[in-house]
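Structure first, commentary second.
The values are calculated or read from the model by the stated rules, or taken from the named source; none is laboratory data. Keep in mind the model is a prediction, meaning the values are calculated, not measured. When we count neighbours, we look across all protein chains shown, and the Cβ atoms used for this are built from the backbone with ideal geometry, even at glycine. Accessible surface is based on the protein model in full, side chains and every heavy atom, while ligands, DNA and RNA are left aside. Shrake-Rupley method; radii C 1.70, N 1.55, O 1.52, S 1.80 Å.
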Amino acid sequence: MVSFLKALVYGAGGVAVVGMVALVAFQERLVYVPVVPGLARAYPFTPARLRLDYEDVFLRTSDGVRLHSWFIKHSPPKPGPTILFFQENAGNIAHRLEFVRIMMQRLQCNVFMLSYRGYGESDGHPSQHGIIMDSQAALDHLTQRKDIDTSRIVVFGRSLGGAVGAVLVKNNPDKLSI
């Protein structure tokens, strides 16, 4: 009986260790969901469908990953702020356009929507370190634009995007004020 219990305990311990190793090995696949099950990775529509004036912006991160973004301009042009928008985890930036349209109407602002690596039309695979580099590339792009007031960049994030935005603000006290 003792040997049976001993084998049972060792077996349960082995299963627990294998389970923990699997969680660590696959954690990024569990945390980041660039494609919602049942939906395509491609954008189902663009800001033009909502009659928003926009431009496609392609960025290159410090590690060489090509990112896609939309810079949506307030129409008619206004000297308002520019929102640097970081999305939630699952899906892509097209799934957030209705929210962004309402935000633009109420706040009279421009919005820069970043598609994280591995999401939408951006290359690469998502990771915590990678998405932090993505956010830095977006901020660097905005601070170099001549058609916005770079002193009025506002970082906004929902869910995962809130954490991304918080790290970006912490890492850039000279470019962003609280």
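Some observations on this one:
- Residue under evaluation F112, criteria (1) in contact with a Phe, Trp or Tyr (Cβ under 8 Å, 6 or more places away or on another chain); (2) open to solvent by 10 Å² or more (accessible area, probe 1.4 Å); (3) outside any loop (DSSP other than H, G, I, E, B); (4) not aliphatic (A, V, I, L, M), criterion not met: (2)
- When D56 is tested against (1) at pLDDT below 95; (2) in a strand (DSSP E or B); (3) of a type in the set (D, E), just one condition goes unmet, and that condition is (1).
A quick yes/no check of all residues on (1) within 12 Å of the chain's Cα centre (by Cα); (2) over 24 Å from V33 (Cα atoms); (3) modelled with pLDDT of 95 or more:
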residue	(1), (2), (3)
A90	yes, no, no
F99	no, no, yes
D134	yes, no, yes
L142	no, yes, yes
R145	no, yes, yes
G157	yes, no, yes
P173	no, yes, no
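- Members of region 143-164 that are out of contact with any helix residue (DSSP H, G or I) (no Cβ under 7 Å at 6 or more places or on another chain), assigned to a helix (DSSP H, G or I) and open to solvent by less than 50 Å² (accessible area, probe 1.4 Å): L160, G161, G162
- Of the set (1) in contact with a Cys (Cβ under 7 Å, 6 or more places away or on another chain); (2) under 20 Å from N171 (Cβ atoms), all apply to V155 but (1).
- Qualifying residue in region 106-129 (condition: touching a strand residue (DSSP E or B) at 6+ places or on another chain (Cβ under 7 Å) and among the hydroxyl-bearing types (S, T, Y)): yes
- Residue list for region 79-107, restricted to those being surrounded by 13 or more Cβ atoms within 10 Å (Cβ to Cβ) and in a loop (DSSP other than H, G, I, E, B): G80, P81, Q87, E88, N89, A90, G91, N92
- Flag if E121 is closer than 19 Å to V36 by Cβ, touching a residue at least 24 places away in the same chain (Cβ under 8 Å), open to solvent by 60 Å² or more (accessible area, probe 1.4 Å) and outside any loop (DSSP other than H, G, I, E, B): no
- Just so you know, in region 38-47 the residues that are of a type in the set (A, V, I, L, M, F, W, C) and surrounded by 10 or more Cβ atoms within 10 Å (Cβ to Cβ) include one that is nearest to S122 (Cα to Cα), and it is A42.
- Where H74 falls short, out of the listed (1) under 21 Å from P34 (Cβ atoms); (2) in contact with a helix residue (DSSP H, G or I) (Cβ under 8 Å, 6 or more places away or on another chain); (3) buried (at least 17 other Cβ atoms within 10 Å of the Cβ); (4) not charged (D, E, K, R): (1)
Conditions tested, residue by residue: (1) in contact with a His (Cβ under 9 Å, 6 or more places away or on another chain); (2) under 17 Å from T143 (Cβ atoms).
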| site | (1), (2) |
| --- | --- |
| L50 | no, no |
| I72 | no, no |
| E88 | yes, no |
| C109 | yes, yes |
| G118 | yes, no |
